[in-house]
Amino acid sequence: MSNDAGHRHDSPATLNNITVEQALRIILGVMRPVGTEAVPVAKALGRVLAADIRAGADHPPRDNSAMDGYGLDGAGSPALPARLRIAGTVFAGGSHHVAPGPGEAVKIMTGAPIPRGVDRVVPFEEASERDGHALITRLPAQGMHIRRQGEDFKKGEILISKGRTVRPAETAVLAALGKTMVKVFRRPRVAVLATGDELVPAGKPLGRGKIRDSNSPALAASVLACGAEPVILGIGRDSVADLKRKMIRGLASDALIVAGGVSAGEADYGRDALHAIGGRLVFFKVRQRPGHPLAFGRAKGRPVFILPGNPVSAMLTFHIYVRPALLAMGGARDAAPMPVPAELGEEIRGKAGRTEFLRVRLQERDGRTLAFLTGPQGSGILTSMVRADGYIVLPEEADRLPQGTILPVHPL
Ligand code: AMP
Ligand code: MG
């Protein structure tokens, strides 16, 4: 690892030109959950549980019917067809209990508690009724159509573990346990700062030589998609003083993302500004494409990501590095979306000595999943991201992958 960053504020401790794996290890090694809070179960969707969820009681709480039908005691194997007097009806939620005696059945509705003396339920569809009697021609096996107490879960069991994200299914379990509040990890607040004298936000006239700021909205959306809370700082000018002022504001959040001003250009002040706010540059440059000039540092105990300004580089480096970091800060356990295996529909060429992230779209053909490049892969080509189902990785040691190679596609 050389240290040829060649920048006035990169200390000798700054790692330079490292691998993707090193960069990820360094970043994830310093991420800690930002804290916890209690929220109503009804508002917990998408939040990450901060404690194991344990059953306080059996579910279902007692035996109940799985069908609308006739409950009877079939243990004595009554001769078929059997004509059983209906002793009464039990409803779900009702407190009226009837127990059938010999030669009797009860009418029972789905969810109603199983009365004493009933060992199976004959669905209405499989029987008939006349003059207050049920006519049974076929007897289901013992226990049929009865949902047993605790068959879903038993008191004391851990049902959902800490670090899981609440989906509708988890909401159902929390509600079934009678919980109103649940302990979750606090959503990390993440400041987003776009930089560049050429940038103009939507709604303002676009002067000569100017371009729209797409990174602020794209990164704010990326932050939201991680379950974190974006704080948009606006557009930083290409000066250390302005970046410094805005980055200090960003340190009121739990993490700071700066986009742009991190290459070797003459107006790239991101690292100077990090130094000026008392921060420390941990690494600069990763052997990858896109996103080579990625920088990571710390200031006032906060992680600071300085992403390349090119919109594709900014979004991809966010996805690869910032996303898992924010998920870890938010306490989430399952960080990486499951890759999908696919077959390369075309040959891929690259350069050895750097990891390349190539955007692909997937196509089903004759039962096979084929991956094709989304077209030009330049780091300013926004449409290469819009068309993408995911990205593939051309590892550092490879400079080509032949058509037909089976490889994982990482969903975007
Ligand atoms: P930089 O990393 O600042 O050298 O920027 C690299 C390229 O990305 C330049 O062409 C910039 O104009 C462009 N760029 C930087 N920031 C943004 C942004 N927020 N929105 C759109 N393009 C940007
Ligand atoms: Mg710039």
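Observations on the model:
- Rounded to 5, percent antiparallel among DSSP beta bridges of the chain: 65
- Tensor-based shape of the range 203-340 (alpha-carbon gyration tensor, a/c under 1.5 rounded, otherwise prolate or oblate): rounded
- When the Gaussian network model of the chain links Cα atoms closer than 10 Å, the mean-square fluctuations of 261, 88, 156 top out at 88.
- When only the Cβ of Lys, Arg, Asp and Glu is charged (+1, +1, -1, -1), the dipole of the range 175-297 relative to its Cα centre reaches about 420 debye.
- When the Cα gyration tensor is reduced to axis lengths a ≥ b ≥ c, the ratio a/c is 1.5 or higher for the range 138-253, and with a/b above b/c it is classed as prolate.
- Lysines with Cα under 22 Å of residue 162, excluding same-chain neighbours fewer than 8 positions away: 43, 154, 179, 183
- Which of 73, 119 has the fewest Cβ neighbours within 10 Å, and the rest in rising order: 119, 73
- Whether the chain is rounded, prolate or oblate, judged on the alpha carbon gyration tensor where a/c under 1.5 counts as rounded: prolate
- Among 43, 285, 183: highest mean-square fluctuation, GNM of the chain, C-alpha pairs under 10 Å: 43
- For the residues 381, 136, 306, a GNM of the chain with alpha-carbon springs under 10 Å puts the largest fluctuation on 136.
- Relative contact order of the chain: 16 percent, from C-alpha pairs under 8 Å at least 6 residues apart in sequence.
- A cut-off under 13 angstrom between Cβ atoms defines the neighbours of residue 126, and their net charge, with Lys, Arg +1 and Asp, Glu -1, is -1.
- Helices in the chain, meaning DSSP H runs of at least 4 residues, each add -39500 (n - 2.57). Divided by all residues, the mean residue ellipticity at 222 nm is -4500 deg cm²/dmol.
Computed from the coordinates by the stated procedures, all read-outs in this text should not be read as laboratory data. Keep in mind it's a predicted model, so treat the numbers as computed, not measured. Counting neighbours? That spans all protein chains shown, and the Cβs are built from the backbone with ideal geometry, glycine included.
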